[in-house]
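The values are calculated or read from the model by the stated rules, or taken from the named source; none is laboratory data. Everything numeric here is computed off the predicted structure, so don't read it as measured data. Heads up, the Cβs are rebuilt from the backbone with ideal geometry, glycines too, and the neighbour counts pull from every protein chain shown.
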Amino acid sequence: MFGRSESVAVTEAIKLVLFDMDNVLCDYDRAKRVACLAKLAGTTSAFIHEAIWESGFEALGDSGTLDAAAYLRGFGERMGYPLSLEEWVEARRRSMQANSAMLEIVRRLRETVDIAVLTNNTTLVADHVDTLLPDLRPLFGSRIYASAQFKTAKPDPRCYRRCLSELNVMPQSVLFIDDLMANVAGAREAGLFAHHHTSIEAFRQALSEYGLLHG
């Protein structure tokens, strides 16, 4: 990826590694979440998927177009069921499984660089992350951000820039990790280094080439 001098320069430049959450730090099974919601509403998974995801409604939450209260209310209305916050959180929790191998890499990284999370989600995810994925807080502390907080979503370059402004770091000192190529492209457009996450092995290799992980 880099020549020796380039690798040294990049290593010295990177001060923070910014992680996506779903399918990077955890395995996210949307079908399991949809099935849970369908059971609550007494309807089909196909109906829930169309009402929330295919309709574009979920994107309104990710971008902060709807605040948390309006998002939750609208979610229930589209399901045809008065969904409570506790039910929403539980359905989300059941669909997520921490990726222990990735989190072990995170533990090693935080010894030498800062780390943070930027996920395309409503603020409800960040607010309830201790229930959804309790492994994150001990590693990332308060640096867990949902795109809705920034009133836009990845891959819009503004999303990354607003997050980095909150973190008080410059784009050229950040390495971003995401499983979606479009989001990687958006990060690069915003001036960040970026890695398209496809496997643990490839991620370890990339970190080694960036000079951020040894052994």
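Checking the condition surrounded by 16 or more Cβ atoms within 10 Å (Cβ to Cβ), under 19 Å from Val129 (Cβ atoms), touching a residue at least 24 places away in the same chain (Cβ under 8 Å) and outside the structural domain of Leu139 (by TED's automatic domain parsing), which residue from Val106, Val89 passes?
The conditions single out Val89.
Is there a residue being free of Cβ contacts under 8 Å to residues at least 12 places away in the same chain and among the small types (Gly, Ala, Ser) anywhere in the stretch 179-186?
The answer is no; no qualifying residue exists.
Considering (1) surrounded by 20 or more Cβ atoms within 10 Å (Cβ to Cβ); (2) modelled with pLDDT under 95, say which one Ala13 fails and leave the rest.
Of the numbered conditions (1) surrounded by 20 or more Cβ atoms within 10 Å (Cβ to Cβ); (2) modelled with pLDDT under 95, the odd one out for Ala13 is (1).
Looking at the stretch 92-103, which of the residues that are touching a helix residue (DSSP H, G or I) at 6+ places or on another chain (Cβ under 6 Å) and surrounded by fewer than 18 Cβ atoms within 10 Å (Cβ to Cβ) is nearest to Gln149 (Cα to Cα)?
Across the stretch 92-103, the extreme among qualifying residues is Arg93.
Here are Gly56, Gly80: which of them is modelled with pLDDT of 95 or more, over 16 Å from the mean Cα position of the chain (by Cα), over 29 Å from Ala187 (Cα atoms) and surrounded by fewer than 17 Cβ atoms within 10 Å (Cβ to Cβ)?
Criteria check complete, one pass: Gly80.
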